[in-house]
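Peer 1: First the structure, which I've put down as structure tokens, then a few questions once you've had a look.
The values are calculated or read from the model by the stated rules, or taken from the named source; none is laboratory data. This is a predicted model, so every value here is computed, not measured. All Cβ positions, even for glycine, are placed from backbone atoms using ideal geometry, and neighbour counts span all protein chains on display.
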Amino acid sequence: MRSNRTVYLVIAASLAFAAQVLGAEARTTGAVAAPPVAKLVAPASGPILVAFVLSKGAVMIDFAGPWEVFQDVHVPSRGSSMDDQMPFQLYTVSDSRDPIRVSGGMHIVPDYTFEDAPAPKIIVIPAQGGETPKMLDWIRKVAPQSDLVMSVCTGAYVLADTGLLAGKSATTHHNSFRSFAMKHPDIHVRLGARFVEEGNLATAGGLSSGIDLALHVVERYFGRKAATDTAYQMEYQGEGWLKPESNAIYARPLVSTAAHPLCPICQMEVDPGTAPKSVFKGKTYYFCSTDDKEQFDAAPAKWLEPLN
């Protein structure tokens, strides 16, 4: 389950001086500023187990982004062995070990099933299309003993369906703000948040937001330097992990026009010449699918009212 760490350590050593220089530049220019974060306590030695909950249609970047972050973390002061210095141990878990076709067609063979997976300290839930009762039951069972349960993008629907988010705040992909809020009226949807934390639960916005939430988790365990060094090793230049409110652009809804109509359900642009349509109060609305049209027709006023 671990990658070849010898190669990484050679690279990390060669980059150490450059990382120190960049860190010094950031401190002197004031380019990076962020509030202090709530710490997570890492074990003095041994692995921090990270479970990636997968089913059909799992979105690649939602889980591969955080996977890359956690696998690249290197904390030299943690011990003399590579297993201690690179603390996160990653595995996939699903209903069975049958291959899963994820986004783009890739097949992944899960490491464990929900019956035999080891208890994780971190659970990562990407957007996916195969939510099952076994999955929800397992998340509910292991969440109380976990340091963090994090969803990415519309993986928030899975986390919400466990009931763990009830009465809390969360975010998801910007195209799903309204549908998420309508399905889960007991959850406060945070518009414009890159990620939202509630106790040992965290939800990230769409797609690449999961990378930032994972880097933030690294900082919570091992400090700002460990997270900065990880981002540097990845050649990741985003700073969303330092700025949880940096998705502000997505708090403003897109405007549907006659030339470029947007589906009121998912906010995707549609072709008015071929798209299903409905008329409400004298105005025509176009949809990505007949399913979206049926959702709208059931409660058109709800789909058009402002969020928050």
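Peer 1: For residues that are closer than 14 Å to MET150 by Cα and either aliphatic (A, V, I, L, M) or outside the structural domain of THR154 (by TED's automatic domain parsing) (or both), tally how many sit in the stretch 202-248.
Peer 2: 9
Peer 1: Could you please tell me which pairs satisfy a Cβ distance under 6 Å, a separation of 6+ or placement on different chains, a first residue in the stretch 133-150 that is touching a residue at least 12 places away in the same chain (Cβ under 8 Å), and a second residue that is of a type in the set (A, V, I, L, M, F, W, C) and part of a helix (DSSP H, G or I)?
Peer 2: Within 6 Å, the pairs are VAL149/ALA143; MET150/LEU213.
Peer 1: Then there's this: Return the total of residues in the stretch 125-147 being surrounded by fewer than 22 Cβ atoms within 10 Å (Cβ to Cβ) and either among the charged types (D, E, K, R) or closer than 18 Å to HIS216 by Cα (or both).
Peer 2: Residues meeting the conditions: 7.
Peer 1: Kindly check whether there is at least one residue in the stretch 133-145 that is in a loop (DSSP other than H, G, I, E, B) and assigned by TED's automatic domain parsing to the domain that holds THR172.
Peer 2: No.
Peer 1: Return the residue satisfying two criteria in turn: it lies in the stretch 207-239 and is free of Cβ contacts under 8 Å to residues at least 60 places away in the same chain and in contact with a strand residue (DSSP E or B) (Cβ under 8 Å, 6 or more places away or on another chain), and of such residues it is nearest to ILE61 (Cα to Cα).
Peer 2: Step by step, filter the stretch 207-239, then rank; the result is SER209.
Peer 1: Residue under question is ALA58, and the condition is that it be buried (at least 23 other Cβ atoms within 10 Å of the Cβ), in a strand (DSSP E or B) and modelled with pLDDT of 95 or more; does it hold?
Peer 2: No; evaluated as a whole, the condition is false for this residue.
Peer 1: Ok, one more. Under the condition of being among the aliphatic types (A, V, I, L, M) and surrounded by 12 or more Cβ atoms within 10 Å (Cβ to Cβ), which residue from the stretch 272-306 is farthest from SER256 (Cα to Cα)?
Peer 2: Our first condition is that a residue be among the aliphatic types (A, V, I, L, M); within the stretch 272-306, this holds for 275, 279, 298-299, 301, 304.
Imposing the further condition that a residue be surrounded by 12 or more Cβ atoms within 10 Å (Cβ to Cβ) reduces the set to 275, 304.
Numbers: ALA275: 14, LEU304: 12 Å.
Among them, the one singled out is ALA275.
Peer 1: Across the stretch 251-298, what is the total count of residues that are among the aliphatic types (A, V, I, L, M), in a helix (DSSP H, G or I) and more than 18 Å from LYS183 (Cβ to Cβ)?
Peer 2: Matching residues across the stretch 251-298 total 1.
Peer 1: Can you tell me which residue is nearest to the chain's Cα centre (by Cα) among those in the stretch 174-196 that are outside any helix (DSSP H, G or I) and free of Cβ contacts under 8 Å to residues at least 40 places away in the same chain?
Peer 2: At the first step, the residues of the stretch 174-196 found to be outside any helix (DSSP H, G or I) are 184-196.
Of the ones still in play, those that are also free of Cβ contacts under 8 Å to residues at least 40 places away in the same chain are 184-188, 190.
Details: HIS184: 18, PRO185: 21, ASP186: 21, ILE187: 17, HIS188: 17, ARG190: 14 Å.
If we take residues in the stretch 174-196 being outside any helix (DSSP H, G or I) and free of Cβ contacts under 8 Å to residues at least 40 places away in the same chain, then ARG190 is nearest to the chain's Cα centre (by Cα).
Peer 1: Further, regarding this structure: Identify, from the list VAL149, VAL93, the residue that is under 16 Å from the mean Cα position of the chain (by Cα), part of a strand (DSSP E or B) and at pLDDT 95 or above.
Peer 2: VAL149
Peer 1: Which residue out of THR203, THR171 is within 12 Å of the chain's Cα centre (by Cα), under 19 Å from LEU54 (Cβ atoms) and either at pLDDT 95 or above or hydrophobic (A, V, I, L, M, F, W, C) (or both)? Show your work before the answer.
Peer 2: Numbers: THR171 fails: under 19 Å from LEU54 (Cβ atoms).
Within the list THR203, THR171, the selection yields THR203.
Peer 1: ASP229 versus (1) assigned to a loop (DSSP other than H, G, I, E, B); (2) buried (at least 23 other Cβ atoms within 10 Å of the Cβ); (3) among the charged types (D, E, K, R): which is the lone unmet condition?
Peer 2: Going through the list (1) assigned to a loop (DSSP other than H, G, I, E, B); (2) buried (at least 23 other Cβ atoms within 10 Å of the Cβ); (3) among the charged types (D, E, K, R), ASP229 breaks only (1).
Peer 1: Would you point out which residue out of TYR221, TYR236 is within 24 Å of LEU49 (Cβ to Cβ), aromatic (Phe, Trp, Tyr) and assigned to a loop (DSSP other than H, G, I, E, B)?
Peer 2: TYR236
Peer 1: When you go through (1) assigned to a loop (DSSP other than H, G, I, E, B); (2) of a type outside the set (Phe, Trp, Tyr); (3) at pLDDT below 90; (4) surrounded by 15 or more Cβ atoms within 10 Å (Cβ to Cβ) one by one for ALA31, which number turns out not to apply?
Peer 2: (4)
Peer 1: Another question about this same structure. Of everything in the stretch 101-116, what is under 21 Å from the mean Cα position of the chain (by Cα), closer than 14 Å to LYS134 by Cβ and either surrounded by fewer than 10 Cβ atoms within 10 Å (Cβ to Cβ) or not aromatic (Phe, Trp, Tyr) (or both)? Give them in sequence order.
Peer 2: PRO110 - this is the single residue of the stretch 101-116 that is under 21 Å from the mean Cα position of the chain (by Cα), closer than 14 Å to LYS134 by Cβ and either surrounded by fewer than 10 Cβ atoms within 10 Å (Cβ to Cβ) or not aromatic (Phe, Trp, Tyr) (or both).
Peer 1: Please go through the stretch 77-90 and pick out each residue that is surrounded by fewer than 18 Cβ atoms within 10 Å (Cβ to Cβ) and either touching a residue at least 60 places away in the same chain (Cβ under 8 Å) or part of a strand (DSSP E or B) (or both).
Peer 2: MET82, ASP83
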